[in-house]
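Below: one structure, written as structure tokens.
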Amino acid sequence: MRITALLAGLALAVSVAQAQAETVVKVGVTAAITGPAAALGIGAKNAFSLMPDHIGDIKVQIIVLDDATDTTKAVVNTNKLINEEQVDVMVGSSTSPQALAMINPIFEAKVPLISLAASASIVEPMDEKRHWVFKTAANDSVMADGIARHAALKGIKTMGFIGFDDSYGESWLQQFKRFAERDGIQLVAVERYSRQDTSVVGQVLKVMAAKPDAILIAGSSAPAAMPHVELKARGYKGVIYQTHGSASSDFLKVGGAALNGGYVSVGPNLVWSQLPDSNPTKAVSATLVPRYEEKFGKNSWSNFAGQAYDVWLILSAAIPVAIKQAQPGTPAFRAALRDAIEGIKDLPANAGVFSFSPTDHAGLDARARVIVQIVDGKWKYDAQ
Amino acid sequence: MTSDIILFLIQDGIANGAIYALLGLAIVLVFAVTRIIMVPQGIFISYAALSLSWLESNLVPPTAWLLLALGLLTAGIECWQARRRPRAMRAPLVKYVVLPAALLGLCWLLAPQDLPQMARMALALALVVPFGPIMYRLAFQPVAGASPLVLLLISVAVFIALTSLGLVIFGPEGVRTAPIATASFTLGVLDLSAQSLWVVGMTALLMVLLYLFFGRTIAGKALHATAVNRIGAKLVGIETNAAGGLAFTLAAAIGALSGILISPITTIYYDTGFLMGLKGFIAAIIGGLLSYPLTVISALVIGIIESFSSFSASLYKEVIVFSLILPVLLLRSLGRRDIGEDEQ
Amino acid sequence: MTSRRILLLIVLAGLAVAPAVLSPFMVTLLIFIGIYSIVALGLVLLTGVAGLTSFGQAAFVGLGAYTTAYLTTTIGLSPWLTLLIGLGLTAAAAFVLGAVTLRLSGHYLPVSTIAWGISSYYLFAHVDGLGGATGITDIPPIEAFGYPFLTRESLYYPIWLTVLVTMQLIVNLLDSRPGRAIRALRGGILMAESFGIATPRYKMAAFIISALLACIAGWLYAHLLRFVNPTPFHLDAGINYLFMVVIGGASQVWGAVLGAGILTILQNYLQDLLPHLFGQTGNYEAIALGVCIVLLLQRTQQGAVSLLDRLLPPPPAAPPGEVTAAERLPERPPLPPGTRLLVVMGASKRFGGLTAVNNLSFSIEAGEIVGLIGPNGAGKSTAFNLISGVLPLSSGEIRYLGRRIDNRSSRRIARLGLARSFQHTRLLPDMTVIENVMIGAHLRSRAGILRALLRLDRAEERSIRAEAARHLHRVGLADSMHLAAGSLALGQQRILEIARALCADPTLLLLDEPAAGLRYQEKQTLAALLSQLRSENVSILLVEHDMDFVMNLVDRLVVVDFGEMIAQGLPEQVQADPRVVEAYLGGIE
């Protein structure tokens, strides 16, 4: 009985809220603020808190919900934001399985989605559902391409792979295989480990036994340091590559001196101050990163925060276009917003330069990555 | 697989297995005395290691505040229950308010100093061990006579609350603490780090201590008696609640020590203890939740199997480790003629 | 119409109109609540009724979801076919898990389901072709009668229909022969076995049914989201399902729905509310949940549904149990008087160095009442346990109707026609008196789980009820028939135990100290009942401490002291035996 009463009360509250929603553009965000991918979600949440509440004279309301890195919860949040808050655009979530699960609900409601997760399968292959989906995180392929090129230039012939046993490691393995083959690099050993593992001795020994010239570690944040440290402890002398997921201050702290000399493929904003002025992303990051670090602490900046803030840059470009077509809160506005995002060309942002097209909803090219080297606990831009 | 690799893997397996053994011992101990399956055992690992890391960064660990808060809550409950007997309030006030407050004060004073690593470890240990008896007092003592099923559910709920609390107070990021010793020795092909010797050595030492404790001390014998026959122990004047509190104190001490020992070797997160605790758990189950030596042996075997499977089938490592209990349970099951007892 | 019925109608009507009046988001929540309820209903049966626990239900949900996801996307099977395949796989997995753990004590099932929950999560994530950690997309919708259930809303009615049907099936099951056997699993295993109930089989049945329900929920989930990945099937989710049942109340079917609803709605709103209260993000709702569960379990183990229960007027008394039209249950042909029933030859039992029973020999013939007496600690209870198959013999043999029974389990001894009572009464206190007696007729009836679910067992059920009622009349408890057994006084409970044993149509009744602890009045009533049974030619072995009580009841007495038989014969002879006098006087002082 109580539940029925509760439900009735909520339904009432919802209809009141609907009456009030008029000229405000509403942005619904679900992010993995807690749970295994919390590091990603927290960066996103921080970035959202820095966003202004106006684009020109258009009021923008951003509603951020936590989905605890849970797929079902991401879907529930999406439904809640779409149905209860009547958002005009959805953002999130932080991991690929969550974003994939959100595609159906946003397609049913015809609300555009800007995903923060990286997997290419979120926007490819293009179909009637993915027609509504965009993303700001660079495809793993952009990053993998960079590492393969870098390694080939260094004359590396054989490589080993140690990656997470989750969707991140999986996607990297797929993409990297492709580019390694293209650049004539042989993948001689593939091992997987999990974020929670307390020892990676077995995996490290196995990869080292194949004697690769270089080893790629695909993990995120601090856990990415563990194989790196173990490889050095076992006396591995070859080149070690890390993926953009690792690029965090905790990674540097936990890995310590063992990381010295390792290469990481990252979004350019991580080393924005070292970039040549010709790089279009430098000016964008230069205005944002100091503000971010002032509020959230030194070295708190991460790629995750950058790609979340890029959502704002995209919306700032698209909303003024869409609002000429229709009133916010209407299906027509949502469709117009989708079209406006798809129409964005050469928009410099933190993650790179966005140019969307009807077939490409990732929008980033090689400008979305740089190779950096870890030198004494700092990122050093490697101009190649 | 060369013989070198085999040796490396065995070495790695033993280092991990030693920790599982410690956790398994604590789980067997708590189960024997209280019939509680200690799901939150791994929590102490994370809390201790993360507290130590806070001290290393010259900060007051959040556990000190949490301890005081929980202590105040416990003291409040104790005093409420003893509201007609003011004299009975003194002990809980000392135990649950003065002690945590003193620890907090100590952290406040000492954290900014450059302490020797050993002193930091002792402080971290002192901060985390009281969580054991407080956990028992708050969550389990009010229902000490409940069915094993209810105790198990409470145990899981405590685990969830404390893990989530860990995320709130420590944040999602992992830490690695400074090692006790940095030296390494060469033994044939093996590089033995002093830290891993510490782990194995401390495990062995702790086992000897536990053995002496149960065999030689009054408190240990009382615990043992409670484990063997709870009603009998009560009749001869052993307080079941005191025994439960003591068992939880020991479990917390063992868990916290494990955390401090391994945090220089591996990265510890707020939830790292869970999987390690579960593996200690599997060892305890293989030991029938009864036999200490069998628990230790199976913990080492689990460590070694884990190490080898991470070498040869890293994707299926956890599946292999957790499937281990099936054949063991099957053997146990076949060896029984009866039908399982009533548990009420 | 009772207020319970009115409430039920309101709830049903509410569910029926919900999609029309609630916001789409609330409908989505209700859909998920429905799916969770199906899993929780399985746990009500497993945990609340049978007293077993599983943390692995989420893995069974996953098995159902992944089976259909894989088979519909790769080889294009119909979802209806994949449902059947999923159910088959689930039953097999549950059977294996059950087979290795259900014979062991209660801790092993929860622990092995934890291991199963973790292992299966990694298997979902890593077995080739299951889409890895990223998952399987583009699962086709369910289609029925050419109508594809494309949107989430369209699945609302099918899901809630499944919930309601499942609830009815479980209610059917609980009110049946196998249902009573499952209800006896919680705290009544020894009793159940002594009435021939194969408890491991019913444990297995409860576990498999709960797994199958989880599998159905998984199948619905996969076709609802049209996407699966491993995380929703992790151990955390398994724990969540268990908590739903704890919150809602594990002992009633509505507890499952209530628990699923409360937890889902609370988690959903707390997760938004708490971070605001604390001014920072964090999974505060998990902390709150953990603390709430601890507090709840410390106070009550009945859950929210019991609160509701207390608010409502009690349900009207069950319909009268007397059913005249029922067919009589099969009965054993009476044995000719003088047939040798029980022969104990040189039975001994040693516990380590202590000999509890030494070289005991005696026999009982059909129609006889034999008393086995002795002072405290004489070994009577041990002797009783040896005969009833609870303890194995150290040496010697025991035969019943010529067949060795000393190596048989109590369940197999029950099949031969022995029925017993317990000194420490073993009744199921929450069940009514007549339901307790009906357990006695377990071996005289056939209905299995499938028949019970589909209510095809009603004719037989009427017969069992009539038989139980007959024995309640016989022992004079007919007036208490519909009371909870736990509400009876000790003397009535002992008589109830006798009625239950009589309901098994035994050739020999074993009574374990039926008079112990009774007040004078109660003893008189019991003695009157036993004399009546004697006049009805029931064969009885009466183990008793109180010599005066048995003196006028029995045909022969066997006296034991310190584990040895010291006298045997007619009551008067035995009473005069100096060793007996010595034993009793010396024993009592």
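The values are calculated or read from the model by the stated rules, or taken from the named source; none is laboratory data. Remember, it's a predicted structure, so these values are computed and weren't measured experimentally. FYI the Cβ positions are ideal-geometry reconstructions off the backbone, even for glycines, and counts take in every protein chain you see. Side chains included, ligands, DNA and RNA excluded: accessible areas come from the protein's heavy atoms. Shrake-Rupley method; radii C 1.70, N 1.55, O 1.52, S 1.80 Å.
Take every DSSP beta bridge whose two residues both sit in the protein assembly as shown; close to 45 percent of them are antiparallel. Taking all protein chains into account, the per residue accessible area for the stretch C:219-313 stands at 36 Å² (1.4 Å probe). A 1.4 Å probe run over the stretch C:116-155, with the rest of the protein chains in place, finds 42 Å² accessible per residue. Assign one of three labels to the stretch A:24-161, namely rounded, prolate or oblate, based on the Cα gyration tensor with a ≥ b ≥ c the square roots of its eigenvalues; rounded applies when a/c is under 1.5, prolate when it is not and a/b is larger than b/c, and oblate otherwise. The shape class here is prolate.
Exposure check, 1.4 Å probe, all protein chains in place: residue B:163 carries approximately 20 Å² of accessible surface.
For the stretch A:175-246, trypsin sites (Lys or Arg not before Pro) meeting the loop criterion (DSSP other than H, G, I, E, B) and having at most 16 other Cβ atoms within 10 Å: A:234, A:237.
Taking every protein chain into account, the 1.4 Å probe leaves residue B:207 with about 50 Å² of accessible area, to the nearest ten.
Only helical DSSP H runs with n ≥ 4 go in: add -39500 (n - 2.57) per run for chain C, normalise by residue count and round the 222 nm mean residue ellipticity to 500 deg cm²/dmol.
Working: 23 runs with 318 residues, N = 589.
So the helix-based figure for chain C works out to -17500 deg cm²/dmol.
Taking a virtual spin label 7 Å from the Cα of residue B:114 along the C-beta vector, which residues in the stretch B:57-91 bring their backbone nitrogen under 15 Å of it? Counting only backbone N, you get B:57-58.
Mind checking how much accessible area C and A bury in total, 1.4 Å probe, in Å² rounded to 100? Don't jump to the answer; show the numbers that get you there.
Values: alone 26230 and 15950 Å², together 38770 Å².
Buried area between the two chains comes out at roughly 3400 Å².
With contributions of -39500 (n - 2.57) from each DSSP H run of at least four residues, the per-residue ellipticity at 222 nm computed over chain B stands at -23000 deg cm²/dmol.
For residue C:168 and residue B:73, what is the calculated FRET efficiency with R₀ set at 60 Å and r taken between the beta-carbons, to the nearest 0.05?
Working: r = 45 Å, r/R0 = 0.75.
In this case the efficiency is close to 0.85.
Which residues, if any, in the stretch B:134-153 lose at least 30 square angstrom of accessible heavy-atom surface (probe 1.4 Å) when the other protein chains sit next to their chain rather than the chain being alone? Checking the loss per residue gives B:143, B:149, B:150, B:152, B:153.
Probing with 1.4 Å while keeping every protein chain in the model, the per residue accessible area of chain A equals 34 Å². Can you give me the Rg/Rh ratio for the stretch C:29-261, using Cα atoms for both radii and the Kirkwood formula for Rh? Result: Rg/Rh = 0.97. Share of carbon and sulfur in the accessible area of the stretch A:140-266 stands at 51%, probe radius 1.4 Å.
Any of A:59/A:345; A:211/A:237; A:59/A:295; A:45/A:253 with alpha carbons more than 21 Å apart? Name them for me. Working shown, then result.
Details: A:59/A:345 24 Å; A:211/A:237 10 Å; A:59/A:295 23 Å; A:45/A:253 23 Å.
Listed pairs above 21 Å: A:59/A:345; A:59/A:295; A:45/A:253.
Using a 1.4 angstrom probe on heavy atoms only, work out the carbon and sulfur share of the accessible area of the stretch C:427-504 in %. Spell out each step's value before the answer.
Working: 1550 of 2720 Å².
Here it works out to 57 percent.
One decimal place: the segment residue A:380-residue A:128 gains 86.5 nm when fully extended, by the rule 0.36 nm per residue minus the C-alpha distance.
Count of lysine pairs in chain B with Cα atoms under 24 Å apart, counting only pairs 8 or more residues apart in sequence or on different chains? Mind dumping the intermediate values first?
Details: B:95/B:221; B:95/B:234; B:221/B:234; B:279/B:317.
Step by step, the pairs that qualify in chain B add up to 4.
The label point for residue B:294 and the one for residue C:394, both projected 7 Å from the Cα toward the Cβ, are 2.5 nm apart. For the pair residue B:330 and residue C:576, label points projected 7 Å from Cα toward Cβ lie 6.7 nm apart.
Length gained on full extension, residue C:85 to residue C:11: 23.3 nm, using 0.36 nm per residue less the C-alpha separation.
How large, in Å, is the protein assembly as shown by the Kirkwood hydrodynamic radius built from its alpha-carbon pairs? Write out the running numbers ahead of the final one.
Working: mean 1/r = 0.0293 Å⁻¹.
For the protein assembly as shown, inverting the mean 1/r across all distinct Cα pairs yields 34.1 Å.
By the combined test of axial Cα extent (at least 24 Å) and Kyte-Doolittle hydropathy (mean at least -0.5), the qualifying DSSP H helices of chain A come to A:2-20, A:280-296, A:303-322.
Take the accessible area of chain C alone and of chain B alone, subtract that of the pair, and you get about 4400 Å² summed over both chains, using a 1.4 Å probe. With an a/c value of 1.5 or above and a/b larger than b/c for the gyration tensor axes a ≥ b ≥ c computed over the alpha-carbon atoms, the stretch C:427-504 is described as prolate. Ordered by solvent-accessible area of protein heavy atoms (1.4 Å probe), largest first, the residues B:258, A:121 come out as A:121, B:258. In terms of its C-alpha gyration tensor, the stretch A:140-266 has a rounded overall shape, because the principal axis ratio a/c (a ≥ b ≥ c, square roots of the eigenvalues) stays below 1.5.
Across chain B, the longest run free of exposed loop sites, meaning trypsin sites (Lys or Arg not before Pro) lying outside DSSP classes H, G, I, E and B with no more than 12 other Cβ atoms within 10 Å, spans B:85-335.
Taking R0 as 45 Å, what FRET efficiency do you get between residue B:4 and residue C:92 from their Cβ-Cβ distance, rounded to the nearest 0.05?
Values: r = 43 Å, r/R0 = 0.95.
Calculated value: 0.60.
Note on residue A:359 and residue A:373: the model spin-label points, each 7 Å out from Cα along the C-beta direction, lie 3.9 nm apart.
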